[in-house]
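Engineer: Starting off with a structure, shown below.
Readers should treat all values here as calculations from the given coordinates under stated rules, not as data from a laboratory. Quick caveat, the model's predicted, so the values are computed rather than measured. Here the Cβ positions follow ideal geometry from the backbone for every residue, glycine too, while neighbour counts run over all protein chains shown.
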């Protein structure tokens, strides 16, 4: 048996050494890791509008993603009433950079509903304009999130990307890993012909062919699919005040 | 106890070659006769969880080889200094540090893979093989041998992981290396977006022989990994009856 003081000495020295090593590594790589994360998110946002691009964002280099995002995407931040927020508003909500892309929906999800803010990305490409909404909800094990691109008519979905924190690989994780899942949302509509908000439902049982408000689910991933349905229903609803304003403005113009 | 750890007896002599017979045995035995999964039945938890796809399994295997090798090395280096009362906590700190380094390295150099594997990398800390080797071997042997022993056990684990993942992915999803740049689509009904080597929707050729084939959803579930590992254990013990427990 070692004496208590020698045990404590060993533990203190070891912990200090380990903590120092990891802290050094973490701080020296921190900047690059943050940059990687930002590019990862931008790639996902651009992935929702891949139909408007000449090249699949998955295959683009990091630099290309940055350049494309900077030149073609206009980012705005909205509050629950659909009002466009200024840089100061975003900073006051707790995001240092003041850019809409800094908004962390995971943090927003914890705030009371009427205090939440969220980003909207307007993509202006040669092939047209698209509005990209960011949504976040819960899957089976942890959070899921996604980007939904709407066509210029503000009704039809042009594309979608999904991601998750810890869904089961091969089942719930298919919302991200299986490219056919997000592509099922293309052409679906979030308003019915009367202009009432319907969102898009992920269905366990088929019968979605020709139905513009539903897509096929993934077998074995019912809870994740229900999470996607709930996330879309609630997440897109937050943008409705703004979308209605835009649609109204368009009507009066036309 | 089902989890028996076999400790190879190694006699230490002076002036041995750096990579002699003993080292070779340490490196290769875990691939067969002392395999951590099929013989010692360790590390089953992560073997069931991560093996639904090959690509994450390969990265997981590499990470475990790294963590297992270096945690054995570091533990062996300080083995005479570690106070007996806290030795398991010390081992845990060494393992956790290495796992955090793996995680940071992936974040820094390949963020997409980190995102795909974030859950599994953390799981390495709970992998019984790593701590099993520290307790059974590294605490009592010299650093170089402990390192080789750690590497060997990591590889022995990784090989089984990849075998199971290949079977599960082909029959569960009809693909190989899905999610990686070298994804191969093996079998499935082709639509416009994806091409398969065996297209079950084809009118003629090899694909038409497989008309009506669907992927086996059981293979995607962890239960399938248990069956496959069970069969692997059965095959291995049929070939080497000496491995069968008499009890």
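Engineer: Can you tell me the orientation of helix A:62-72 relative to chain A, as the angle in degrees between its alpha-carbon axis and the longest Cα principal axis, to the nearest 10?
Structural biologist: For helix A:62-72, the angle is close to 40 degrees.
Engineer: If each residue's Cβ is checked for other Cβ atoms within 10 Å, how do A:215, A:11, A:84 rank with the fewest at the top?
Structural biologist: Ordered by Cβ neighbours within 10 Å, fewest first: A:84, A:11, A:215.
Engineer: Another question, then. For segment A:1-118, place one equal point scatterer on every Cα, skip the solvent, and apply the Debye formula. What is log10 of I(q)/I(0) at q = 0.16, 0.20 Å⁻¹?
Structural biologist: -0.90, -1.14
Engineer: First check a/c for chain B, with a ≥ b ≥ c the square roots of the eigenvalues of its C-alpha gyration tensor; if it is under 1.5, answer rounded, and if not, answer prolate when a/b is larger than b/c or oblate otherwise.
Structural biologist: Since a/c reaches 1.5 and a/b is larger than b/c, the shape of chain B is classed as prolate.
Engineer: What nm value, rounded to one decimal, do you get for the distance between residue B:118 and residue A:180 when each label is placed 7 Å out toward the C-beta?
Structural biologist: The answer from the label model is 2.8 nm.
Engineer: To continue, here is another question. Restricting to Cα pairs below 8 Å that are 6+ residues apart, what does the relative contact order work out to for chain B? Please round to a whole percent.
Structural biologist: Value for chain B: 26 percent.
Engineer: Note the angle between two axes, namely the Cα long axis of helix B:87-109 and the longest principal axis of the Cα atoms of chain B, as a number of degrees from 0 to 90, rounded to the nearest 10.
Structural biologist: Tilt of helix B:87-109: around 40 degrees.
Engineer: Arrange A:183, A:134 by Cβ neighbour counts within 10 Å, fewest through most, would you?
Structural biologist: The most exposed by this proxy come first: A:183, A:134.
Engineer: What would the Debye equation give as log₁₀ I(q)/I(0) for segment A:4-253 at q = 0.12 Å⁻¹, counting only Cα atoms as equal point scatterers?
Structural biologist: The Cα Debye sum returns log10 ratios of -0.74.
Engineer: With each label point set 7 Å from Cα along the Cα-Cβ vector, what nm distance links residue B:203 and residue A:6?
Structural biologist: So the two model labels end up 8.4 nm from each other.
Engineer: Between residue A:99 and residue A:84, what length comes free when the chain is fully extended (0.36 nm per residue of separation minus the Cα-Cα distance, one decimal in nm)?
Structural biologist: 4.1 nm
Engineer: Mind running the shape call on segment B:147-247? Use the C-alpha gyration tensor, a ≥ b ≥ c as the square roots of the eigenvalues: rounded below 1.5 for a/c, prolate if a/b tops b/c, oblate otherwise.
Structural biologist: It comes out prolate by the Cα gyration axes.
Engineer: What order do you get for B:111, B:239, B:157 when you list them from fewest to most C-beta neighbours inside 10 Å?
Structural biologist: In increasing order of surrounding Cβ atoms, one gets B:239, B:111, B:157.
Engineer: Applying 1/(1 + (r/R0)^6) with R0 = 56 Å to the Cβ-Cβ distance of residue A:13 and residue A:209, what FRET efficiency is obtained, to the nearest 0.05?
Structural biologist: Given R0 = 56 Å and the Cβ-Cβ separation, E is 0.25.
Engineer: Tell me, what are the semi-axes, in whole angstrom and largest first, of the equivalent ellipsoid of the protein assembly as shown as set by the roots of 5 times the Cα gyration tensor eigenvalues?
Structural biologist: 48, 30, 18
Engineer: What percent do you get for the relative contact order of segment A:1-110 when only Cα pairs under 8 Å and 6+ apart count?
Structural biologist: 12
Engineer: With each label point set 7 Å from Cα along the Cα-Cβ vector, what nm distance links residue A:26 and residue B:78?
Structural biologist: Taking the two extended label points, one gets 1.8 nm.
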